[in-house]
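Inspection log for the structure reproduced underneath, given as C-alpha cells.
The values are calculated or read from the model by the stated rules, or taken from the named source; none is laboratory data. As the structure is a prediction and not an experimental result, all values here were calculated from the model. Heads up, the Cβs are rebuilt from the backbone with ideal geometry, glycines too, and the neighbour counts pull from every protein chain shown.
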Amino acid sequence: MGLSLTFPEKLRATITLPGSKSIAARALILSALSGGRQVLNLSDCDDTQALLKALTHDTEIVDIGAAGTAMRFLTAYFATQSGTQHLLTGTERMQQRPISILVEALQTLGADITYTGQVGYPPLLIKGKDIQGGEVRLSAEVSSQYISALLMVGPMLRDGLRLQLEGTIASRPYIEMTLGLMREFGAKASWTDAKTICVAPGGYSRTAEFVVEPDWSAASYWYEMVALSNDAEAEIHLPYLRAESLQGDSVVKDLFHHLGVDTRFDSEGATLTKTAFSPTSTTWEVDFSQFPDLAQTFVVTCAILGQPFHFTGLQSLRIKETDRIAALVAELGKLGITLEAEASSIAYQPQQQKSAALAQPEIATYEDHRMAMCIAPCAMRQPGFKILHPEVVNKSYPTFWEDLQRVGVILQ
C-alpha cells in the first residue's frame, strides 16, 4: 500500500498531539512497580499499547512486535517479578537489535535471563526473582534505554542500585526524564557525581493518577511542515504543549528557530508561526546525541530547504527500527538529494548534488514510523512521490494521516 500527498496552499490548524510515548512507557512501568497508579492520556500508538498489553495480560510468551522501548524496559521489569517466567520476543528486526549490554548488567545484579536464539539478541527467557542488586558498570554510549530500564527497577532490588556509567553519556535528557518520573512515583534516585547514579531500595509509593504530557517528538513534524510551507503566514496551534517539559525533544523549538519557525506559549499550549528564512552557505553543525529521535526531521528539513549541515552524535540511529542513517541516504536519494554518511554522522552540501529526482519515486519506510512522518512534509516542495506502508505511523502517532487531512492535505 502506498500514499501520495497533496498539501493545500495555506497551512492553518489546531492539532491535538498524542501523549508522549517516552513518558508513557516509563509511567506504565513505574505504575506496575508501584502497585497500579492510574496513568492517563496514553496514546493509542502501537508501542504504548504493546507495553500496556504486556503488563496487563498474564501470558508466558510476550511478543512486543517492533516496540524496542518495551523490549528493554520489560527485560528489566520481568527480571524483578519473583516467581514468574516469560519468553520475551518480537519481530524479525527486533531479534536483530542488540540487547546484551542490558542483559549482562542485569545478570551481574543477579537476574536469571538466558538467550533462546542468537546470543546477545532477543528472544529472552526471563525467570523473575528477588534480586540482590548493588553496583554495576554500563556503557553509556549506545542507548539510554538500557540505563533507564535498570534505574526503574533499582528501588525493587534488595541493596538498591549504584550505576557507574562509562564513556560519553548519550541521550542524557532521557535519563533525566526517567529520574524525574521515578521521583514523582516516590523513589529516591539521584546523581552522586558526573558518571554515577544511586537508587535507594524500598520500592515506590502508590499515589494519585498521573497524566502524560503531549509528545514533543510528534510536534517536530508540525514544525517541519511550518518550515517547508510556502504559506508565509503558516500557523499551527498545539494545545497543552508546554515550554517546561520532561522531554529532551522539547529542544525542537529552539533548533527550528534557526530554520524560520517561532514558538509562542500561552496558557492553552504552543503556537508555531513561520518567519523569514534563507539558507546560508555556512554549514550548520549540531550534535544530536542527546536527542537522536529528532535527527531524521532535521536532515529532511534542511535538505529540502537547501541548508548545508553536518549532524553528529547519530550512532544510536544505526540500531533503531532500521538503520536510519542508511535509510535516509537511500530514500532522499530518490528525491535527488545526496547525503554523505559515516558511522555516526550525516552531512549535506547543496553544491555536491549529483543526481536528479526519480519520476514518481516510491519511498520505503523500513517498518520505521519516523521515516514516514519526516518525509511526508517533503510533498510541500517536491510532490509526486508515494510513501509505502504508511501504516507504520501507528507505532507512535496513529492519527498522523488524519491530522494531515485536518489541515487540508489530500491523501490518495
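Among the residues of segment 288-308, the ones that are within 17 Å of Glu340 (Cβ to Cβ) and not β-branched (Val, Ile, Thr) come to 9 in all. When Thr282, Thr312, Thr273, Thr297 are screened for being without any contact (Cβ under 8 Å) to a residue 40 or more places away in the chain, of a type in the set (Val, Ile, Thr) and in contact with an Asp or Glu (Cβ under 7 Å, 6 or more places away or on another chain), only Thr312 passes. When we screen Gly248, Gly306, Gly260 for residues that are buried (at least 18 other Cβ atoms within 10 Å of the Cβ) and on the phi > 0 side of the Ramachandran plot, the only hit is Gly260.
Residue count for segment 383-408 satisfying the condition of being within 21 Å of Leu358 (Cβ to Cβ) and in contact with a Pro (Cβ under 9 Å, 6 or more places away or on another chain): 3. If the condition is being in contact with a Phe, Trp or Tyr (Cβ under 7 Å, 6 or more places away or on another chain) and either charged (D, E, K, R) or surrounded by 15 or more Cβ atoms within 10 Å (Cβ to Cβ) (or both), then segment 268-290 contributes Gly269, Leu272, Trp284, Val286, Phe288.
Scanning segment 333-372 for residues that are without any contact (Cβ under 8 Å) to a residue 60 or more places away in the chain and small (Gly, Ala, Ser) turns up Gly333, Gly336, Ala341, Ala343, Ser344, Ser345, Ser355, Ala356, Ala357, Ala359, Ala364, Ala372.
Residues in segment 187-220 that are surrounded by fewer than 16 Cβ atoms within 10 Å (Cβ to Cβ) and touching a residue at least 60 places away in the same chain (Cβ under 8 Å) were compared, and the one that is farthest from Pro18 (Cα to Cα) is Pro201.
Checking Thr56, Thr14, Thr6 one by one, the residue that is more than 20 Å from the chain's Cα centre (by Cα) and free of Cβ contacts under 8 Å to residues at least 60 places away in the same chain is Thr56 and no other. Among the residues of segment 365-399, those that are polar (S, T, N, Q) and under 24 Å from Ile319 (Cβ atoms) comprise Thr365, Asn394, Ser396.
Give me the strands (runs of 3 or more DSSP E) completely within segment 175-285, filtered to those with at least 3 residues that are more than 15 Å from Ala13 (Cα to Cα), ordered by residue number.
Working: elements: 189-193, 196-199, 235-239, 261-266, 269-274.
Passing ranges, in order: 189-193, 196-199, 261-266.
Among the numbered conditions (1) surrounded by fewer than 21 Cβ atoms within 10 Å (Cβ to Cβ); (2) not assigned by TED's automatic domain parsing to the domain that holds Tyr174, the only one that Leu228 does not meet is (1).
The criterion of at least 1 residues that are among the aromatic types (Phe, Trp, Tyr) is met, among helices (runs of 4 or more DSSP H) falling completely within segment 298-412, by 400-406. For segment 152-186, give me each residue that is small (Gly, Ala, Ser) and either surrounded by fewer than 16 Cβ atoms within 10 Å (Cβ to Cβ) or more than 18 Å from Ala25 (Cβ to Cβ) (or both). Across segment 152-186, the qualifying residues are Gly160, Gly167, Gly180, Gly186.
Picking from Ala13, Ala32, which residue would you name as being aliphatic (A, V, I, L, M) and outside the structural domain of Ser250 (by TED's automatic domain parsing)? First the steps, then the outcome.
Numbers: Ala13 fails: outside the structural domain of Ser250 (by TED's automatic domain parsing).
On inspection, the qualifying residue turns out to be Ala32.
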